[in-house]
Amino acid sequence: MSSTQPIPVIAIDGPSASGKGTIAQHVAAALGFHYLDSGALYRAVALAALQAGANLENDLELSRIILTLSINFTGDRVAVGGHDVTEAIRDESVSNAASLVATYPKVRKALLARQRGLRQAPGLVAEGRDMGSVVFADAVLKIFLTASAEERAERRYKQLMGKGMNASMTTLLQDIRERDARDSARPVAPLQKCADAVLLDTTGVPVQAVVTQVLALYQKARQAP
Ligand code: DC
């Protein structure tokens, strides 16, 4: 790669439980790229705020927490302030708090540099809500991954059950719908497919088929003039 070429980024955006994480991790492994789960950053902030007893409605207090927060990714583990929080940040209470803290421009701004700092050679697969629209607007490939709310609730249900956690399908479906509405309606970096993103509906599509499709789209995109 010539020094004038930017480090390639594949941006994968989409709603909760659309399979972004699984697809992004497989694509990153296939290409030997780094992987960024940006949702984990919002979740880490939400967990830290809950643990500190912070007011989740106070964006200034939240952005102050971020300033001093050390968040580290090691493989598929996430640590906040040196404590492993990989499972804790997946709790439904943290999911809902993350969706709320993510609505504040101050919080989003405070996390911007951390996300961009993870763009390292040979490349990055970044997943979230605004990877293609804001954080890595120059990504070589932008994917908008979706699936029906029912299928997403079922995926999350199986995921939680597999981890021995309690869950109710009705509550999960309701939470997913509420979070979709909140993530899409917020004025800053709302969840939306940008014009230059490729829409992939994964309802009923096996993981490997989606991964193959993304890899083919990447090969095509990097050859484009
Ligand atoms: O992808 P996830 O479900 O782990 O994300 C948790 C929350 O963080 C979700 O409600 C939306 C928010 N989020 C965001 O606003 N922007 C991102 N790039 C990633 C996540």
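The numbers here are math on the coordinates, done by the rules we state, and not lab data. Quantities reported herein were computed from a predicted structural model and do not represent experimental measurements. Cβ: placed from backbone, ideal geometry, glycine included. Neighbour counts: every protein chain shown.
Quick look at the values:
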read-out	value
Cα lying deepest toward the dipole's positive end in the chain, options VAL188, GLY162, ALA97, charges on Cβ	VAL188
Student exercise, the chain dipole from Lys, Arg, Asp, Glu Cβ charges, in Debye to nearest 20	440
Debye, to nearest 20: dipole size of the stretch 162-225, +1 on Lys, Arg Cβ, -1 on Asp, Glu Cβ	160
Length added when fully stretched, LEU67-LEU118, from 0.36 nm per residue minus Cα-Cα	16.6 nm
5 angstrom amide H check on LEU36, placed H, neighbours 5+ away	VAL125, ALA126, GLU127
Relative contact order of the stretch 1-142, defined on C-alpha pairs under 8 angstrom at six or more residues apart (%)	46
Cα gyration tensor category, rounded, prolate or oblate, for the chain with a/c compared to 1.5	oblate
For the stretch 171-225: rounded, prolate or oblate by the Cα gyration tensor [a/c cutoff 1.5]	oblate
Sequence-distant residues sharing a close amide H with THR86 (under 5 Å, placed H)	VAL78
Kirkwood Rh (inverse of mean 1/r, distinct Cα pairs), the stretch 58-140, angstrom	14.2
